[in-house]
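Beneath this line is the structure, given in structure tokens, with notes to follow.
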Amino acid sequence: SQFPGWSIRPDGSIVVAMGNDDALGVYRCTPYNSYGTAGESQPTRVLLKDPPAFTLRPKEEYFQEVGRELVVPCAAHGDPPPTVTWLKVGSVGKSGAQVDGNSSLVFRPLIKEQHGVWECTATNQVASISTTTSVHVLGTSPHAVTNVSVFPLLLAANISWEPGFDGGYFQRFSVWYTPLIKHPPRAHHDWVSLSVPVGAQHLLVENLQPDMSYQFSVLAQNKLGSGPFSQIVTSVPRGFPVTTVPPEPPAVTIRAFLSPPQALTANETARGVLLRWEPPAEFSVALSGYALELRQDKGSWEVLDRSIPSTKTQVLVPGLIKDAFYEFRLVAFAGSYISDPSNTVNVSTAGMEVYPSRTQLPELLPQPVLAGVIGGICFLSVAVIFSTVAACIMNRRRAARIQKRRQDPPLVFSP
């Protein structure tokens, strides 16, 4: 008879859903068909065994100075008794650690390379279970940063990363980069390093050459020295578009975390050009702000304002030159991410009287400046007239004195 939870498969196998004392015993299988049977199978015995269970788990984290001893316990029981092993997660080869008779992990002495996550596994014939703990080695140089990503921009690149363990001391970062030249003039090429502001985990590298491959790496340093360089990431900055065809995807595929600002529009007002937009549709962290770029008469793009608050959705641009052609676009910032540029809006100031002209007439000058010019001209004219009148009076007086001397009789002296 069958117990609850027991079943027989079409191939003759018996399935016991829950192992208990009812399943203990000796079993034989007898195959048969319409012609009968060839006999029973050999007997098989079912025994109940216990899977491993931890009796002593390690703590989630351990902190210890380099060069000292650290013991991490781990114990388990089961039937049959399980075998307990230790393994450093993500490590290849020997780690230098030992396991004592109580299945505890022993570091004697603790070294920098043993920093990381360790896994304790208990295994017997029934099952296998595991648990992990983190070992933090203090008093060392920093560990390498991870997850370095490069987001290509217009003649620039945004580099972001995740810091490694600091070794127990405050750490700083620097970004290193170099161009990839097919035929360099020397046997090697130099790397350029840029310091990263304190607390930042990203850096914008500007003034790069378009359509040239660059290599990027990040270095961490603390009071004890430098850690290893991160893995090298290669990327190509974007150049100026020459056609309306969308640019090809960058060489390094990077998941977009921030979409560009939407629906940028421009309206002419008496005080200047009013730009309005909608915030990005998708962003993984809170917006930090916007940067406004413009270019004049198809020239190069320039940053007009890089500190527009994230709460604003409009900005007024005054002081444009008359009879010129402008293009505007926006980029958004969110945490360590920079969006692609928004759509471009065009503004022509041809015929607009509210903006000063390149060839402006004197009457179009601002009133204070015009008053100053007129006042200066009037003062100069009065000064010239006064000088002329004074010169005429002095000449007449001189001529009168000379005439009087000629008319007076000469003086005669007698002995």
Long-range neighbours under 7 Å by Cβ, at least six apart or interchain, first residue without any contact (Cβ under 8 Å) to a residue 60 or more places away in the chain and of a type in the set (Gly, Ala, Ser) within segment 191-215, second open to solvent by 40 Å² or more (accessible area, probe 1.4 Å) and part of a strand (DSSP E or B): 193/176; 213/234
Would you check which residues across segment 1-47 are touching a residue at least 24 places away in the same chain (Cβ under 8 Å), assigned to a loop (DSSP other than H, G, I, E, B) and open to solvent by 70 Å² or more (accessible area, probe 1.4 Å) and list them? 24
Would you mind telling me which numbered condition in (1) in the same structural domain as residue 133 (by the TED database); (2) more than 48 Å from the chain's Cα centre (by Cα); (3) open to solvent by 60 Å² or more (accessible area, probe 1.4 Å) residue 98 fails? (2)
Given the residues 271, 276, which is the only one that is open to solvent by 70 Å² or more (accessible area, probe 1.4 Å) and modelled with pLDDT of 80 or more? 276
Does residue 357 count as surrounded by 10 or more Cβ atoms within 10 Å (Cβ to Cβ) and at pLDDT 65 or above? no
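The values are calculated or read from the model by the stated rules, or taken from the named source; none is laboratory data. Keep in mind it's a predicted model, so treat the numbers as computed, not measured. Here Cβ is always computed from backbone atoms with ideal geometry, including for glycine, and neighbour counts include all displayed protein chains. Surface accessibility is based on the protein's heavy atoms, side chains included, excluding ligands, DNA and RNA. Shrake-Rupley method; radii C 1.70, N 1.55, O 1.52, S 1.80 Å.
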